[in-house]
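Participant: This is the structure I want to talk about, given as structure tokens.
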Amino acid sequence: MASQNLNPADTSIAAAYKGATPSRGAAWDPVGKSLQQELMTFTMPGDTGISAFPESGNLFKWVGTIHGAAGTAYEDLRYKLSLELPRGYPSNVPMVKFLTPGYHPNMDTQGNICLDILKDKWSALYGVRAILLSIHSLQGEPSVDSPLNRHTAELRKTLTAFKKYLQETYLKQVTSQEP
């Protein structure tokens, strides 16, 4: 992979790819190869609003980023997530949590996400990309009928008030996390 084809924002992805190795002593088994291929899809140009790369080169622990979609209350906001791929992945469901505190009807204050594909609708055909795209989509179309965060679901009924509160909360939380 030639790093000159990547834009400057993608250099960390290139570095992550270069050093990514399977953990737990796996010697390039099919899962490791599959994850390497999936990582390559994140280095391809495209504006999906998502990105991801292994943390410290560990193919079973990823950090993802979701950029709020245009036209949603999350527009211009950026959220980081952790994805831990368990033994038995892709048959077993990954653990996915928001690292950036958020304000969403389907997310609690600890970053847990209420999304069917991360629960009973999981399929071994899904991967990191499908998970992040689903969460990205959920931001724009939350499931307010079965909210994990009822207060947010109620506030969301008034979109203007919700967006104002979301922006204020996001700025406070992101500013307080800065070094």
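The values are calculated or read from the model by the stated rules, or taken from the named source; none is laboratory data. If you're wondering where the values come from, they're calculated on a predicted model, not measured in any experiment. Every residue, glycine among them, receives a Cβ derived from its backbone with ideal geometry; neighbour counts consider all protein chains shown. The accessibility values were calculated without ligands, DNA or RNA, using every heavy atom of the protein model including side chains. Shrake-Rupley method; radii C 1.70, N 1.55, O 1.52, S 1.80 Å.
Participant: Can you give the charge dipole size of the stretch 64-178 about its Cα centre, rounded to the nearest 20 debye, using +1 on the beta carbon of Lys and Arg and -1 on the beta carbon of Asp and Glu? Don't skip to the answer; put the middle values down first.
Facilitator: Details: 13 positive and 11 negative charges, 16 e Å.
Here the size comes out at about 80 debye.
Participant: Right, something else. Ignoring everything but the protein chains, give the 1.4 Å probe accessible area of Ile50 in square angstrom, nearest 10.
Facilitator: For Ile50, the solvent-accessible surface is approximately 20 Å².
Participant: Next question, about the same structure. What FRET efficiency would be calculated for the residue pair Glu84, Thr158, taking the C-beta separation as r and a Förster radius of 25 Å, to the nearest 0.05? Display every interim value, and only then the final one.
Facilitator: Details: r = 36 Å, r/R0 = 1.43.
Working from the Cβ atoms, E equals 0.10.
Participant: Please compare each pair in Lys121/Lys172; Lys119/Lys157; Lys97/Lys119; Lys80/Lys163; Lys119/Lys163; Lys61/Lys164 to a cut-off of 23 Å on the Cα-Cα distance and tell me which ones are over it. Each step should come with its number before you reach the end.
Facilitator: On the way: Lys121/Lys172 35 Å; Lys119/Lys157 26 Å; Lys97/Lys119 13 Å; Lys80/Lys163 19 Å; Lys119/Lys163 28 Å; Lys61/Lys164 34 Å.
Listed pairs above 23 Å: Lys121/Lys172; Lys119/Lys157; Lys119/Lys163; Lys61/Lys164.
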